[in-house]
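K.L.:
Quick one: structure below, then a few questions.
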Amino acid sequence: MDAQTVRDVDVEGRRVFVRADLNVPIEDGRITDDSRIRASLPTIVYLLERGATVILASHLGRPKGKVNDALRLKPIADRLSQLLGRPVRMTGDALGPGVQVAVDKLRAGDLLLLENLRFHAAEEANDDEFARSLAGLADLYVNDAFGAAHRAHASTEGITHHLPAVAGLLMEREVDALSKLLRRPPRPFHALLGGAKISGKLEVVEALLSRCQAVLLGGGMANTFLAARGLELGKSLVEEDQAANVERIVAEARRKRVRLMLPNDAVVAPQIHRRARTQVVAVTAVPRDQMIVDIGPATRKAYAEHLGKAKTIFWNGPMGVFEVPQFAEGTNAMARTLARRSSHGVVTIVGGGDSVAAVERLGLAAKMTHVSTGGGASLEFLEGKTLPGVAALLPADTEISDPAEDA
Ligand code: ADP
Ligand code: MG
């Protein structure tokens, strides 16, 4: 990547503030998917093994500037400690005299986890005072939180004004993998897009139309395209107010000669329920009292065949309401198709919170070329936007001074 990384600096004996993305799903105090924690390990281990002192920080959920006991990082400290095979100490706050006392006690090779950064409204407000106090804890800043890099917050951007800032190993891996899609991906490059709504993904669809040879649509977002063709979709999720945007995308795809594929059959159900009675219908024959909950078997087959021609595949967004097992067939089939293509040397990249969860659940993550830990961040990156957390890092050709030599 075009930024300094931890590998470019001498970290021995330095106090390093590591911003990681440890924002994992937690239900009843238990972590349901620890992939973001595991993905953060290489940088932490790298630093500790080289004699750095690590002050680790993350956000969790949306506490909106208030202390929320359900969003404390304790379960994360426990899991980290299991994975690292050593105790992980925590502070009760990300700020204040207690933190300084805890940091002062640290020695080379020690690790300290700060409490949820977003208990302070100053974090998301990118408050300079807050950024300065975080920076005061360390003499080097490492950003490994790709999933938070699209936000200019105190711990992702503000802090870089006060400390030399370099990328962590996960940040580097994410940026390098996603950059491949923006540079010269092996062709044909096909995108598989799903998820609930087209409204949140207009920009990424438009960006992909400039790079892909085909865009295959599924999930709720495809409904809005089908409705724009005049189809009656019963109780299905359709964003009526997106008709004009959808028409623009269809016209643009035609102009750019990008093939836009839509489902031709669907799994429908009267409601979203795990025991709902389902049936497979053509998209032209969705009963009035039913809703589309998944792509149908003919669509799965057509999409798998079409993806079989691609040399690069990017996937975002589930093909159906995959949280309900009987509506997950389409999503699971696409995950298996990508995994199979990977084993034939095809570049397969998955980005997006729910699509990644689907791949993880099937145990197929390791088969893909890259599974991004950053949902929104990976999409903004593909839109060609500059991510503030990445832009704030030192460019690859700068010299970083050693504080010991300055003294
Ligand atoms: P990602 O997190 O991978 O970017 P999104 O958040 O955009 O994906 O979309 C995921 C959501 O889309 C899931 O909660 C899923 O239930 C929903 N979804 C997919 N297909 C449909 C559909 N046909 N109708 C309603 N919701 C759908
Ligand atoms: Mg999502």
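The values are calculated or read from the model by the stated rules, or taken from the named source; none is laboratory data. Since this is a predicted model, take the numbers as computed values, not measurements. Virtual Cβ from ideal backbone geometry, glycine too; neighbours counted across all protein chains shown.
K.L.:
Contact list please: Cβ distance under 6 Å, first residue in region 277-290 and under 18 Å from GLY220 (Cβ atoms), second residue of a type in the set (S, T, N, Q), pairs at least six apart or on different chains.
P.N.:
So the pair list comes out as VAL283/ASN264.
K.L.:
A further question on this structure: Is it the case that some residue within region 318-328 is under 19 Å from the mean Cα position of the chain (by Cα), charged (D, E, K, R), outside the structural domain of GLU305 (by TED's automatic domain parsing) and under 27 Å from PRO297 (Cα atoms)?
P.N.:
Among the residues of region 318-328, not one is under 19 Å from the mean Cα position of the chain (by Cα), charged (D, E, K, R), outside the structural domain of GLU305 (by TED's automatic domain parsing) and under 27 Å from PRO297 (Cα atoms), which makes the answer no.
K.L.:
Something else now. Looking at GLU247, is it surrounded by fewer than 18 Cβ atoms within 10 Å (Cβ to Cβ) and either in contact (Cβ under 8 Å) with a residue 40 or more places away in the chain or in contact with a Gly (Cβ under 6 Å, 6 or more places away or on another chain) (or both)?
P.N.:
No: the conditions fail for GLU247.
K.L.:
Report, by residue number, each residue of region 335-352 that is within 16 Å of ligand 2 (Cβ to nearest atom) and either at pLDDT 95 or above or farther than 13 Å from LEU193 by Cα (or both).
P.N.:
Hits for region 335-352 are ALA335, VAL350.
K.L.:
Quick one: what pairs do we get from region 228-241, first residue assigned by TED's automatic domain parsing to the domain that holds ILE292, second hydroxyl-bearing (Ser, Thr, Tyr), C-beta under 9 Å, 6+ apart or different chains?
P.N.:
So the pair list comes out as LEU231/THR284; GLU232/THR284; LEU237/THR224; VAL238/THR224; GLU239/SER199; GLU239/THR224; GLU240/THR224; ASP241/SER199.
K.L.:
Which residues, taken from region 193-209, are away from ligand 2 (no atom under 13 Å from the Cβ) and of a type in the set (D, E, K, R)?
P.N.:
Matches in region 193-209: GLU203, GLU206.
K.L.:
Among the residues of region 293-304, are any within 16 Å of ligand 2 (Cβ to nearest atom), at pLDDT 95 or above and surrounded by fewer than 23 Cβ atoms within 10 Å (Cβ to Cβ)?
P.N.:
There is no residue in region 293-304 that is within 16 Å of ligand 2 (Cβ to nearest atom), at pLDDT 95 or above and surrounded by fewer than 23 Cβ atoms within 10 Å (Cβ to Cβ).
K.L.:
Do any residues in region 198-213 that are within 17 Å of GLY353 (Cα to Cα) have Cβ atoms under 8 Å from those of residues that are of a type in the set (Phe, Trp, Tyr), where the two are at least six apart or on different chains, and which pairs are they?
P.N.:
Filtered contacts from region 198-213: ILE198/PHE225.
K.L.:
Now for a different question. Tell me yes or no: at least one residue of region 46-66 is modelled with pLDDT under 95 and touching a helix residue (DSSP H, G or I) at 6+ places or on another chain (Cβ under 8 Å).
P.N.:
No, because not a single residue in region 46-66 is modelled with pLDDT under 95 and touching a helix residue (DSSP H, G or I) at 6+ places or on another chain (Cβ under 8 Å).
K.L.:
How many residues does region 1-38 hold that are buried (at least 19 other Cβ atoms within 10 Å of the Cβ), of a type in the set (D, E, K, R) and assigned to a strand (DSSP E or B)?
P.N.:
2
K.L.:
I want to confirm something. Restricting to region 313-330 and keeping residues that are under 23 Å from ALA207 (Cβ atoms) and within 14 Å of ligand 2 (Cβ to nearest atom), which single residue is surrounded by the most Cβ atoms within 10 Å (Cβ to Cβ)?
P.N.:
MET319
K.L.:
Go through region 92-118 and give me each residue that's in contact (Cβ under 8 Å) with a residue 24 or more places away in the chain, in a helix (DSSP H, G or I) and not polar (S, T, N, Q).
P.N.:
VAL99, VAL103, LEU117, ARG118, listed by residue number.
K.L.:
To continue, here is another question. Tell me, which helices (runs of 4 or more DSSP H) wholly within region 334-394 include 1 or more residues that are basic (Lys, Arg)?
P.N.:
Correct list: 353-361.
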